[in-house]
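Scroll down for the structure; my scribbles are underneath it.
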Protein chains: 2
Amino acid sequence: MTLRMGRVIGIKPSGIERYKDLHANPWPDTVEELKNRNIQNFSIFLRAPENLLFSYWEYTGSNFEEDFAKTKESPRTQAWWDLTAPLQQPLASRKADEWWSPMERVFFAE
Amino acid sequence: MTLRMGRVIGIKPSGIERYKDLHANPWPDTVEELKNRNIQNFSIFLRAPENLLFSYWEYTGSNFEEDFAKTKESPRTQAWWDLTAPLQQPLASRKADEWWSPMERVFFAE
């Protein structure tokens, strides 16, 4: 069963151009890592001047927590996040173990 | 070519429960209208306490503006929006002809 997941985070105004540049040319191996963890059809959207990023992906595996834990351990993914995290501004309401904040899906139409 | 589109809007705290109830049981004919206009894989996500709605859909037709103009003219869609619009809080930065605010896609991985 496909799990459709949405997450939101802020972006620093000073980080927008760099963030866009990085994501226009992502590292092939970090993208491959996502695929290997059953994450697909992954888009990130930006809204200015509110400076919000929204991400949407579809998880097609059977244990998201387990797969995402593996992604977190990937050195290349960690190196990518070392570049992108300083550009972002997590929501004040996020939980201690969150970076992006999860959203609740309230509607779906095939 | 599939066009992946993201949009954002606020929701009034007082409107959240009603909005969720409506979208848990959407009108079949308004959902059908979307399909007829080549809009599919449509999710809406909610984030509280920021009270943001994010919508994601995939447009598979050849002229989104034309298709969406037809949807806007649908009496049933208008009746649905009469129910949902008072629950929402458009962004202050939106353009005069916008309700939901469009976002820019900055990343995609298949």
*Mind checking segment A:23-110 for chymotrypsin sites (Phe, Trp or Tyr not before Pro) that DSSP puts in a loop (not H, G, I, E or B) and that have at most 15 other Cβ atoms within 10 Å?*
A:Trp99
_Using a Debye calculation, one point per C-alpha and no hydration shell, please list log10 I(q)/I(0) for segment B:24-110 at q = 0.20, 0.22, 0.25 Å⁻¹ in order._
-1.26, -1.50, -1.69
*Distances from A:Arg94 to the same position in the other copies: list them in nm, one decimal, shortest first, using label points 7 Å from Cα along Cα→Cβ.*
2.7
*Tell me, in nm to one decimal, what length is gained between B:Glu98 and B:Ala69 on full extension, where the rule is 0.36 nm per residue of separation less the Cα-Cα distance?*
9.2 nm
*To the nearest whole number, what is the average tally of beta carbon atoms from other chains within 10 Å of the beta carbons of peptide B:97-106?*
4
*With the full set of protein chains in place, find how many percent of the accessible area of segment A:3-89 is carbon and sulfur; take the probe as 1.4 Å.*
50
_Taking amide H atoms as placed 1.01 Å from N in the peptide plane, list the residues 5 or more away in sequence, or in a different chain, whose amide H sits under 5 Å from that of A:Ile11._
A:Leu52, A:Leu53, A:Gln89
*So what are the ³J(HN,Hα) numbers for segment A:79-94, from phi and the Karplus equation (6.51, -1.76, 1.60; θ = phi - 60°), rounded to whole Hz, Gly and Pro as x?*
5, 5, 5, 4, 7, 8, 4, x, 8, 9, 9, x, 5, 4, 7, 5
*What quantity of accessible surface, computed with a 1.4 Å probe and excluding non-protein components, is buried in total between chains B and A, in Å² to the nearest 100?*
3500
*Estimated vicinal HN-Hα couplings, Hz - segment B:34-40 in sequence order (Karplus 6.51, -1.76, 1.60; Gly, Pro = x)*: 4, 4, 5, 9, 6, 9, 9
*Can you give the calculated 222 nm mean residue ellipticity of chain B, where each DSSP H run of n ≥ 4 adds -39,500 (n - 2.57) and the sum is split over every residue, rounded to the nearest 500 deg cm²/dmol?*
-10000 deg cm²/dmol
*Shortest first, in nm, what separates the label point of B:Met1 from those of the same position in the other copies (7 Å along Cα→Cβ)?*
3.5
*Rounded accessible area per residue of segment A:3-89, 1.4 Å, Å²*: 48
*Which pairs in the list A:Lys35/B:Lys70; B:Lys72/B:Lys95; B:Lys70/B:Lys95; A:Lys72/B:Lys95; B:Lys35/B:Lys95; A:Lys70/B:Lys35 are over 28 Å apart, alpha-carbon to alpha-carbon?*
A:Lys35/B:Lys70; A:Lys72/B:Lys95; A:Lys70/B:Lys35
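The values are calculated or read from the model by the stated rules, or taken from the named source; none is laboratory data. None of the values given here were measured: they were computed from a predicted structure. Glycine gets a Cβ as well: all are built from the backbone with ideal geometry, and neighbour counts include every protein chain shown. The accessibility values were calculated without ligands, DNA or RNA, using every heavy atom of the protein model including side chains. Shrake-Rupley method; radii C 1.70, N 1.55, O 1.52, S 1.80 Å.
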